[in-house]
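The values are calculated or read from the model by the stated rules, or taken from the named source; none is laboratory data. Since this is a predicted model, take the numbers as computed values, not measurements. Note that we place each Cβ from the backbone using ideal geometry, even for glycine, and neighbour counts take in every protein chain shown. Just so you know, the surface numbers come from the protein's heavy atoms only, side chains and all, with ligands and any DNA or RNA stripped out. Shrake-Rupley method; radii C 1.70, N 1.55, O 1.52, S 1.80 Å.
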Amino acid sequence: LTNLRELYLYGNYLGGKLPKEIGNLSNLEILDVASNLMEGSIPESFGNLHKLKEIYLDDNNFSGSIKNYATKKSKQKSPSTSLCSLKKLKVLQSDCLAKPTKEVDCQCCTTCCNDRADPKCVKVSAS
C-alpha cells in the first residue's frame with residue numbers, strides 16, 4: 001500500500017478513529033474521509049505525508065487541534081511535523097467553522113465547515 005496515491009472513503013458511514021498507520025502511506029496525495037462517522041483527533045503521523053496535496057476531514061466528529069507546530073519552540077532535536085507544515089498541501093478541509101461551535105481548532109485549514117452553519121463551508125483567506 002505504500003504506493004497508494006489517492007484514498008477516497010467519502011460517505012461510507014465509517015466510524016471509529018483514523019488509523020495512525022495512514023501516516024505511513026508515503027506516496028499519498030489525496031485523502032478524503034469526509035461525511036463519515038469518524039471521531040477522535042487527527043493522528044500526528046499525518047505530518048509524515050510529505051506528498052499530500054488534499055485532505056478532506058469535514059462532516060465527521062473529529063476533535064482537537066491541527067496546529068502549525070513549526071511556529072512553536074520545541075525541545076526536540078528535530079522539528080515537529082504537522083499537517084500545517086506540509087509544503088505540497090493545497091487543500092485542508094475540516095469542521096473548523098465556529099457557527100455555532102467548531103469541532104476542530106485548525107490553524108492552517110483552507111476551508112472550514114460546520115453542518116449547522118449556513119453556508120456549510122467557507123474558504124479561509126490566507127493571512
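A few remarks follow.
- Residues that are open to solvent by 60 Å² or more (accessible area, probe 1.4 Å) and within 14 Å of E6 (Cα to Cα), drawn from the range 47-62: H50, K51, K53
- Look at (1) assigned to a loop (DSSP other than H, G, I, E, B); (2) out of contact with any Gly (no Cβ under 8 Å at 6 or more places or on another chain); (3) modelled with pLDDT under 95; (4) polar (S, T, N, Q) and you find that S65 fails only one, number (1).
- Filtered residues of the range 13-29 (kept if in a loop (DSSP other than H, G, I, E, B), among the aliphatic types (A, V, I, L, M) and closer than 25 Å to K88 by Cβ): L18, L25, L28
- Taken together, E39, E44, E29 contain a single residue that is within 21 Å of D105 (Cβ to Cβ), surrounded by 13 or more Cβ atoms within 10 Å (Cβ to Cβ) and over 11 Å from the mean Cα position of the chain (by Cα), which is E39.
Matching residues to (1) at pLDDT 90 or above; (2) not in a strand (DSSP E or B); (3) not polar (S, T, N, Q):
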residue	(1), (2), (3)
S35	yes, yes, no
M38	yes, no, yes
T101	no, yes, no
C108	yes, yes, yes
R116	no, yes, yes
P119	no, yes, yes
